[in-house]
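Here is the structure we will look at, set down as C-alpha cells.
Since every read-out is calculated from the coordinates, none of them should be taken as a lab result. Small disclaimer: the values here were computed from a predicted structure and weren't measured. No Cβ is skipped: glycine too gets one built from the backbone with ideal geometry, and neighbour counts run over all protein chains shown.
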Amino acid sequence: MTKKWWQGSVVYQVYPRSYQDSNGDGIGDLAGLTQRLPYIKRLGADVIWLNPIYSSPDKDNGYDISDYQAIQPAYGTMADFDQMLATAHHLGLKILMDLVVNHTSDQHKWFQESRKSKDNPYSDYYIWRDPVDGHAPNNWGSYFSGGTWTYEPQRGQYYLHLFAPGQPDLNWENPQVRQEVWHLMRFWLDKGVDGFRMDVINLISKPAGLPDAPVAPGAKYGNVEPLVSDGPRLNEYLQEMNREVLSHYDVMTVGEMPGSTPQDAIAYTGLDANELNMVFQFEHVGLSANPDKRLGKWNDQPVKLTELKRALSRWQTGLDGKGWNSLYWNNHDQPRAVSRFATDDPQYRVRAAKMLGTTLHMLQGTPYVYEGEELGETNVHYTQLSDYEDLESLNAYRQNVEEDQIVDGPTMLKYLANMSRDNARTPMQWDDSANAGFTTGKPWFALNPNYPTINAQSQVDDPESVFSYYQRLIALRHSSDLIVLGDYQELDPDDEQVFAYQRHYQGQTLLVISNFTAETVTRDYDQTHASRQLIGNYADDQGTTLRPYETKVYLFE
Ligand code: TEU
Ligand code: CA
C-alpha cells in the first residue's frame, strides 16, 4: 500500500478562542494564531485542525453556526483568515476546518425561515414533528441534558436538537440541504483549505420513524446514541459528499463518530470506500462512563489499563489493512490526558506525559496533539460550580443534582472536576508572564493556575521537556514507515500495569513498552536483544526493569 500524505502526518488541534489573543480583548483570534504558527511548525506538526471560527452566537463555543461563510467577528476578519492560511501554507502547514453540519445555530437564516411556516423554501431544512398527545414526539435525551425536542408556536410543531435547543438538527433527507452543505464545503476548499474534521458526522442519518429509545432505570429520557449513530443512509450521504465535493480536491477528512465500531469505520474509511480518510472513535474515552447509566460520562473513577488496552487494540487490529485510525488522548471535549490516564502528580507528571505520548504515537494511525498536550498540561482541579463555563457541564449539574436528585452537589462537583470539557479549554500557557502571554486583557476564561511552571517558553529550548520529547516522537514517525504502516500486535493483554505491543513491517519489528504505574516493575520482552532503543523517557536503559511511568521503544532489524 503506498503511504498517503495524511497517513504519515501529525495533526495539531487549535481551539482558537484559547490559543493567542492579538488585540487585548481576552479572546484568542486568527491574527494571534498566525503569530504562533512558527511554534506549531517547530513542534513538527504537518496539519492544524482549527475548531469552528464561523459566525456563531457561541452558545456551544462555535458549534452553533449562524453563517458558514463568515468569520466570527471575535476571531477577526476573512482577511485575517486568508493571512493565516497563506502563512500556514508558506510554512508547509496544512489547515483542516471544522465542518459542523449535523446541526446549525437557531440563529442561522435557514432556521429563522424554517420555523415560520410549513410551506416556505426552508420549511424542510430541519426535522419538525407534530406534538404527540400534546407532548414531544419521542423520549430522546439530549447530549446536553434534557430532551431533544423544543416546541415552536409559529409552526405548532417541535423541532429536533440532539444537542442544545440552539442547535437544531439539519434534515439530511432533504437533497437541498445536502446541496447547501456541498456548496459551503466548496467555498472553503476553493479558498485552499486542506480538508475537514466533521462534527458528529455519524449522527446525520436519523432512524425511520424516530422511535423511542431505551430508558436506563430511573432515567427521564431515552439514550439516543445507539439509535442515531451510524444511521441507515449515512454511507449514502458520505459517498455523495465524496462524489460531489471531496473527490475533486486533494484533501484530508476525519469524521467524529461517537458510538461507531471498528466494523462501521471500515465502511467509512475503507481504502476503497470513497467516503472519509479516518474517524475519531470514542471507545477509549468512553471507558470512564458511570455504572449508573443515568450519569453517562460523569464519574471520578480511573480507567482500568486492561480496558484501555482492549479498546485501543480492538481498533488497531480492526482497521489494520482495512481502514485508518485517528489517534488521540485529548481534544476540546476531553479532560487532560496526563490527569486522566496517568498522573499529574508533580513527581511523575513529565515522565507520565512522555509515556502517554509514546504509547499513542507509536500506534498505527494519524496522531492528533491537542494544544497544551505537548507541554504536559493538566486538569485544573476545579472546586466550585462557578468555575465552569461549558453548557454541557452546567446543564449536567442542573439536571443530575437539582432536577433529578440523582447525585448530591459535592459528588457531582468531583465528577465535573474529573470529566468537564472546561479542563481542556483554559487559555494556552505560553510563558510565566501575566495570563501566560495569552492576552494583555482579561482572559475570556480563567487560566490553569499552574501556568508559571507549565508553559511553552520554559520548554521549547529544554531537551528534557515534554515539548522536546514530542518533537522527537513526531520526527520518529516522519522517518519510519514501520511506525506509520506496520501492523499491530498487543503483548500480555491482561497485564494491569504495563502496556506492551509490537509493530511489524518489511522484516523490522518495533517493541513499545509503557509502565502506567508509579511502581518499579520487571518485564522481559527480549528487549536486551534489540538492535537499538529508539526513544525512552529515562536517561539510561535498565533492560527488563521498568521504573515509574517508564516508556521505551526498541527496534529489531
Ligand atoms: O462533540 C460531540 C460529542 O459527542 C461530545 O459532545 C461528547 O459526547 C461530549 O462532549 C462528551 O465527550 C462535538 C463537538 O466536538 C463538541 O464540542 C460539540 O459540543 C458537539 O459536537 C455539538 O456540536
Ligand atoms: Ca482577540
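Counting only DSSP beta bridges with both residues in the chain, the antiparallel share comes to about 60 percent.
Across the range 493-510, coupling constants 3J(HN,Hα) worked out from phi with the 6.51/-1.76/1.60 Karplus curve, θ = phi - 60°, read x, 8, 5, 8, 10, 10, 10, 10, 8, 10, 10, 10, 6, 6, x, 9, 10, 9 Hz, and Gly and Pro carry x.
The mean sequence distance of close C-alpha pairs (under 8 Å, at least 6 residues apart), as a share of the length of the chain, puts its relative contact order at 13 percent. Helix 466-479 and the long axis of the chain differ in direction by around 90°, with both axes built from C-alpha atoms. Residues of the range 60-83 with an amide N closer than 15 Å to a point placed 7 Å from the Cα of N23 along the Cα-to-Cβ direction: 71-83. Within the range 513-537, name every residue whose backbone N is under 15 Å away from a label modeled 7 Å from Cα of E557 along the Cβ vector. Counting only backbone N, you get 530-535.
For the range 111-183, the spherically averaged projection of the C-alpha convex hull amounts to 5.1 nm².
Out of every Cα-Cα pair that the chain contains, those further apart than 33 angstrom amount to 41 percent.
Computed from the C-beta positions of K4 and A446 and an R0 of 45 Å, the FRET efficiency is 0.65 to the nearest 0.05. A simple rule links phi to the HN-Hα coupling: the Karplus curve 6.51 cos²θ - 1.76 cosθ + 1.60 with θ = phi - 60°, which for the range 83-89 gives 5, 4, 5, 5, 5, 4, 4 Hz, with x for Gly and Pro. Can you compute the label reach from Q506? Point 7 Å from Cα along the Cβ direction, backbone N cut-off under 20 Å, restricted to the range 541-557. Residues 554-557 qualify, since their backbone N sits under 20 Å from the label point.
Taking each of K191/K297; K206/K293; K118/K293; K3/K304 in turn, the alpha-carbon distance tops 27 angstrom for K191/K297; K118/K293; K3/K304. Relative contact order of the range 106-186, taken over Cα pairs closer than 8 Å and 6 or more residues apart, is 27 percent. Within a straight-line Cα-Cα reach of under 30 Å, K442 can be paired with the following lysines, leaving aside sequence neighbours fewer than 8 residues apart in one chain: K41, K59, K414. Given +1 at the Cβ of Lys and Arg, -1 at the Cβ of Asp and Glu and no other charges, the dipole of the range 111-153 around its Cα centre is 80 debye to the nearest 20. The loop-placed chymotrypsin sites (Phe, Trp or Tyr not before Pro) in the range 1-43, going by DSSP, that have at most 13 neighbouring Cβ atoms within 10 Å of their Cβ come out as W5.
Cross-link partners of K116 among aspartates and glutamates, defined as those whose alpha carbon lies under 14 angstrom from its own and excluding same-chain residues fewer than eight positions apart: D106, D124, E152. Cα axis of helix 305-319 to longest principal axis of the chain: angle in degrees, 0 to 90, nearest 10? Once rounded, the angle reads 80 degrees.
Axis angle, to the nearest 10 degrees, between helix 234-244 and the longest C-alpha principal axis of the chain: 90 degrees.
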